[in-house]
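The values are calculated or read from the model by the stated rules, or taken from the named source; none is laboratory data. For clarity, every value in this text was computed on a predicted model and none was experimentally measured. Neighbour counts are summed over all protein chains in view; Cβ atoms, including those assigned to glycine, are modelled from backbone coordinates with ideal geometry.
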Amino acid sequence: MIKKNKIPLVSISLITYNAERYLPFCLQSLLQQSFTDWQLLIIDNGSTDRTIPYLRENYPQFKVVTHQDNVGFAKAHNQAIDWTKSKYVFCLNQDIILDKDYLRRAVKFLEENKQVGAVTGKLYKWNFTTNEKTNILDSTGLCLTKNRRVMDRGENKKDRSQYNAIEQVFGVSGAVPLYRRQALVDIKIKTKLEHEEYFDEDFFSYKEDVDLAYRLRLNGWQAFYLPIAVAWHDRSLSNSQLQKSWQIAKAHRKKNKLVNYLSYRNHLFTLYKNEFRINILKNILPILWYEGRKWLFMQFFNNIKSRQFRSFWQLYPLMKKKRQQIKKLIKIKPQDLSKWYSK
């Protein structure tokens, strides 16, 4: 950790919500980092367990900001970014364990590659119940398909060294991203009362990392996957690697309805705000097929009615204004983005 009154090279933003069970693992891995020029800011989103007492009793050296209610993942991270001045910003999930060299290797890569706006390491599954660090992959960066489905590369696959190369990726997962602050400044958008956002606060939670990845791409920034930076993530089996309709439907049924709704709504907002219309038209058939199936799943497996999409139309005027701002940030051509659409 850095000395007081010195601006660190890295500011770490940890957003907590009922995180007591994870904190001993997450914070211990942070304290064991070989890279020490960092400062941690913890923002708690209205935890109802012993998260705050635990932090005060065991980690009094860390600054903790508490919210009475859950203000959302996006807004809390934006606050942390605004309240710090470091060259790099590390957005850390509470259910993460870091290898001791994660930050050192990720920071070194950004220091040596000035055109890179975001970097992520090799993320494995962590079975929290048994405290097992598995060799099953969780994410090696975000990839994008022609139907605009966004997936974590390699998720749920056994690591057989198939992702051992340093590679440019479409974007980075929101679990352990290290961002260059200048890149975040370049793609921020202004909202009502001149408030500035990096992550879209109207998303509340889910897909905000994908939206940010789009904007970085549109603005000309690169994102990279760095396999020698390793971490473990406790995330239940997601549906991002499920290929068959019945598998996706079954996964949807297991998820919280609000989670599914926010994920679906924010996916549509992400496309509306960031996609080139010409690219959408070129892939309109696979997009409609994919979106149509998702709509049916939402109706029949999540029992979400049309009236529950009221917030979508309430937020639409705001998203339209944000789209207009994003257009001014674009430095690439439609074909530069379309090369990231895999089958």
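Of all residues in region 128-178, which are under 22 Å from Arg104 (Cα atoms), out of contact with any Leu (no Cβ under 8 Å at 6 or more places or on another chain) and charged (D, E, K, R)?
The answer is Lys133, Glu167.
Within region 21-44, identify whether any single residue is free of Cβ contacts under 8 Å to residues at least 40 places away in the same chain, in contact with a His (Cβ under 9 Å, 6 or more places away or on another chain) and either hydrophobic (A, V, I, L, M, F, W, C) or not in a loop (DSSP other than H, G, I, E, B) (or both), and answer yes or no.
Yes.
State which residue is surrounded by the fewest Cβ atoms within 10 Å (Cβ to Cβ) when the search covers only region 1-55 and only residues that are under 24 Å from the mean Cα position of the chain (by Cα) and aromatic (Phe, Trp, Tyr).
That would be Phe35.
One residue is enough: does region 232-241 have a residue meeting the conditions modelled with pLDDT under 95 and more than 26 Å from Asn135 (Cα to Cα)?
no
May I ask you to verify whether Leu144 is in a strand (DSSP E or B) and free of Cβ contacts under 8 Å to residues at least 60 places away in the same chain?
no
Only helices (runs of 4 or more DSSP H) wholly contained in region 259-343 count here; list those with 2 or more residues that are surrounded by fewer than 12 Cβ atoms within 10 Å (Cβ to Cβ) and outside the structural domain of Lys207 (by TED's automatic domain parsing).
Hits in region 259-343: 277-282, 284-300, 310-329.
Out of all the residues in region 75-92, is one or more more than 22 Å from Leu123 (Cβ to Cβ) and buried (at least 21 other Cβ atoms within 10 Å of the Cβ)?
yes
Yes/no per residue for (1) within 25 Å of Ala19 (Cα to Cα); (2) crowded, with 16+ Cβ neighbours inside 10 Å; (3) not assigned by TED's automatic domain parsing to the domain that holds Asn266:
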{"residue": "Asn127", "(1), (2), (3)": "yes, no, yes"}
{"residue": "Thr134", "(1), (2), (3)": "yes, no, yes"}
{"residue": "Met151", "(1), (2), (3)": "no, yes, yes"}
{"residue": "Ala165", "(1), (2), (3)": "no, no, yes"}
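Do we have any residue at all in region 104-115 that's in a strand (DSSP E or B) and under 19 Å from Val169 (Cβ atoms)?
no
Test Thr51 against the criterion of being in contact with a strand residue (DSSP E or B) (Cβ under 8 Å, 6 or more places away or on another chain) and of a type outside the set (A, V, I, L, M), and give yes or no.
Considered against the rule, which asks whether it is in contact with a strand residue (DSSP E or B) (Cβ under 8 Å, 6 or more places away or on another chain) and of a type outside the set (A, V, I, L, M), Thr51 comes out as yes.
Which of the residues spanning region 220-234 are in contact with a strand residue (DSSP E or B) (Cβ under 8 Å, 6 or more places away or on another chain) and not β-branched (Val, Ile, Thr)?
Trp221, Gln222, Ala223, Phe224, Tyr225, Leu226, Pro227, Ala229, Ala231, Trp232, His233, Asp234
Would you check if there is a residue in region 163-179 being part of a loop (DSSP other than H, G, I, E, B), of a type in the set (Phe, Trp, Tyr) and touching a Ser or Thr at 6+ places or on another chain (Cβ under 6 Å)?
Looking through region 163-179, at least one residue is part of a loop (DSSP other than H, G, I, E, B), of a type in the set (Phe, Trp, Tyr) and touching a Ser or Thr at 6+ places or on another chain (Cβ under 6 Å).
For region 84-92, indicate whether the set of residues that are touching a residue at least 40 places away in the same chain (Cβ under 8 Å), among the hydrophobic types (A, V, I, L, M, F, W, C) and in a helix (DSSP H, G or I) is non-empty.
No: region 84-92 contains no residue that is touching a residue at least 40 places away in the same chain (Cβ under 8 Å), among the hydrophobic types (A, V, I, L, M, F, W, C) and in a helix (DSSP H, G or I).
Out of everything in region 193-211 that is in a helix (DSSP H, G or I) and in contact (Cβ under 8 Å) with a residue 60 or more places away in the chain, what residue ends up being nearest to the chain's Cα centre (by Cα)?
Asp209
All but one of (1) modelled with pLDDT of 95 or more; (2) surrounded by fewer than 16 Cβ atoms within 10 Å (Cβ to Cβ) hold for Asp101, so report the exception by its number.
Exception for Asp101: condition (2).
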